[in-house]
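Heads up: the structure comes next, in structure tokens.
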Amino acid sequence: MQNSSSSTGDADQGWGWQQPAHGQSALALFIDDLHRVLQAHAARQLAGAAPLASAQEQVDSLIAHYVELRRAPEIFDGQSVTLKEGTDRDGVSHTVPIFSPHLKKSLVAMLGGQNKTTQ
């Protein structure tokens, strides 16, 4: 059910979920996709038109793509990312992704594995 007019955004650059990656490679691509959604949301915030609900729908759609395509079922099945907005001490607004526990654990494991290879 791939759709070139995906709700995840423009099609000028391929999305990670469109790549044939699996496991931790799929997780790394998911993080790139999530970053892309958050950057677009930040740009819309600057333009004054950035409902958080719209960005959340895009993030939910990303996870659904990874689940549907079975990119890494052991990582993505039943998982979520909830976007929260807050303002720091300097009055700057930030959108922060809150990962479900298992997805967070998978990210930490992936990052831990990268740190071991670079030390």
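The values are calculated or read from the model by the stated rules, or taken from the named source; none is laboratory data. Keep in mind that this is a model prediction, so the values were computed, not measured. Don't worry about glycine lacking a Cβ; one is built from the backbone with ideal geometry, like all the others, and counts go over all protein chains shown. Surface accessibility is based on the protein's heavy atoms, side chains included, excluding ligands, DNA and RNA. Shrake-Rupley method; radii C 1.70, N 1.55, O 1.52, S 1.80 Å.
Residues in the stretch 3-49 that are at pLDDT 80 or above, over 12 Å from His65 (Cβ atoms) and polar (S, T, N, Q): Gln24, Ser25, Gln39, Gln45. Ile98 fails exactly one of the following numbered conditions: (1) modelled with pLDDT of 95 or more; (2) surrounded by 12 or more Cβ atoms within 10 Å (Cβ to Cβ). What is the number of that condition? The failed condition is (2). Among residues of the stretch 95-112 that are more than 18 Å from Arg36 (Cα to Cα), those with a beta-carbon under 8 Å from a residue that is open to solvent by less than 20 Å² (accessible area, probe 1.4 Å) at least six positions away or on a different chain give the pairs Ser100/Val81; His102/Ile75; Leu103/Ile75; Leu103/Phe76; Leu103/Val81; Ser106/Leu27; Ser106/Ile75; Met110/Leu27. The condition (being open to solvent by less than 60 Å² (accessible area, probe 1.4 Å), in contact with a helix residue (DSSP H, G or I) (Cβ under 8 Å, 6 or more places away or on another chain) and farther than 19 Å from Trp17 by Cβ) is satisfied by just one residue among Ala50, Ala42: Ala50.
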